[in-house]
Amino acid sequence: MAKDKAQGVDHPALQIDDTDRTGIARLLAIMAALRDPKTGCPWDIEQDFASIAPYTIEEAHEVADAIARQAWDELPGELGDLLLQVVFHAQMADEAGMFSFADVVETISTKMIDRHPHIFGDESRDKSAEQQVRDWEAIKARERAAKAEKGVLDGVALGLPALTRALKLQNRAARVGFDWPGPADVLAKIAEESRELVEARDSTDPAHLTEEFGDLLFVMANLARHLDIDPEEALRLANAKFTRRFGAVEAALARQGRRPEDSNLAEMDALWDEAKAAERA
């Protein structure tokens with residue numbers, strides 16, 4: 001049994017139960033101790049769902065980042081950080097009498113069983129991937145109906161990254177026939193939205209300019225969908241390319257004992273072109 005070093009006493013949350021092979025019980029006890037109104041951590045006690053939500057999103061992104069970098073040695077820690085977010089939310093809900101961590105586990109377990117009748121039910125596994133997607137969507141539609149979500153777009157999470165949410169909204173609309181026939185039509189719409197953005201550029205109304213820019217981004221996401229491109233992934237790759245090439249510009253200047261602020265646009269643009277050419281060589 002571990003000792004609480006601060007108080008010199010045994011702390012229940014620090015006990016290791018050899019029968020708890022997953023360690024979940026210990027993690028739940030640690031979070032409960034952190035949230036204890038009398039003896040817990042002041043910062044943890046002050047948090048609520050809204051204040052913790054940004055950390056939940058951040059931790060999910062850090063999991064994705066570790067995977068993208070293939071940093072497999074970091075992934076257990078990042079997944080643990082994300083798991084802690086689930087435990088944190090469940091603890092706050094338990095305190096409020098809303099639900100417990102056990103309810104979270106039961107809910108997702110039931111959902112997975114219900115959504116896989118070809119594994120846990122009497123449906124055949126002998127179906128195409130396309131048929132499986134259709135079946136999945138039909139099951140989710142029934143789930144939305146049970147939640148009184150009547151509209152086609154109901155249930156698309158507001159907290160999703162904007163490009164991802166745009167894609168999901170467009171996919172939902174496309175399933176009921178509200179869609180352009182093909183990429184050429186979307187490109188024509190992009191040209192139209194670009195013209196409207198140019199017209200709004202000199203507007204004295206910032207809200208109108210923002211609206212037109214948003215319209216263009218929305219149509220760009222739709223083009224990605226028609227081209228079977230993940231817009232978030234495409235932008236991540238573009239960000240990585242920009243970072244890599246600007247790093248090459250910095251490195252070239254550093255070899256001369258200089259920094260970007262010691263240079264000018266024309267020189268940095270030339271170095272950028274060199275970095276671009278080197279990548280393509």
I want to confirm something. Restricting to region 32-75 and keeping residues that are part of a helix (DSSP H, G or I), charged (D, E, K, R) and closer than 26 Å to D94 by Cα, which single residue is farthest from the chain's Cα centre (by Cα)? E46
Select from region 220-247 the residues that are in a helix (DSSP H, G or I) and touching a Ser or Thr at 6+ places or on another chain (Cβ under 9 Å) and write down the one among them that is surrounded by the most Cβ atoms within 10 Å (Cβ to Cβ). A221
Among the residues of region 161-175, write down those that are hydrophobic (A, V, I, L, M, F, W, C) and either surrounded by 17 or more Cβ atoms within 10 Å (Cβ to Cβ) or at pLDDT below 90 (or both). L163, A166, L167, L169
Could you go through region 93-114 and let me know if any residue there is modelled with pLDDT of 95 or more, in a helix (DSSP H, G or I), under 16 Å from P54 (Cα atoms) and assigned by TED's automatic domain parsing to the domain that holds I45. no
Kindly list, by first and then second residue, each pair from a residue in region 135-161 that is assigned by TED's automatic domain parsing to the domain that holds A60 to a residue that is at pLDDT below 85, limited to pairs with Cβ atoms under 8 Å and residues at least 6 apart or on different chains. none
Go through region 111-129 and count every residue that is farther than 26 Å from K147 by Cα and surrounded by fewer than 11 Cβ atoms within 10 Å (Cβ to Cβ). 5
For region 189-207, give me each residue that is among the polar types (S, T, N, Q) and under 22 Å from D179 (Cβ atoms). S194
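The values are calculated or read from the model by the stated rules, or taken from the named source; none is laboratory data. This structure is a prediction, so every number in the text was calculated from the model and none was measured. Note that we place each Cβ from the backbone using ideal geometry, even for glycine, and neighbour counts take in every protein chain shown.
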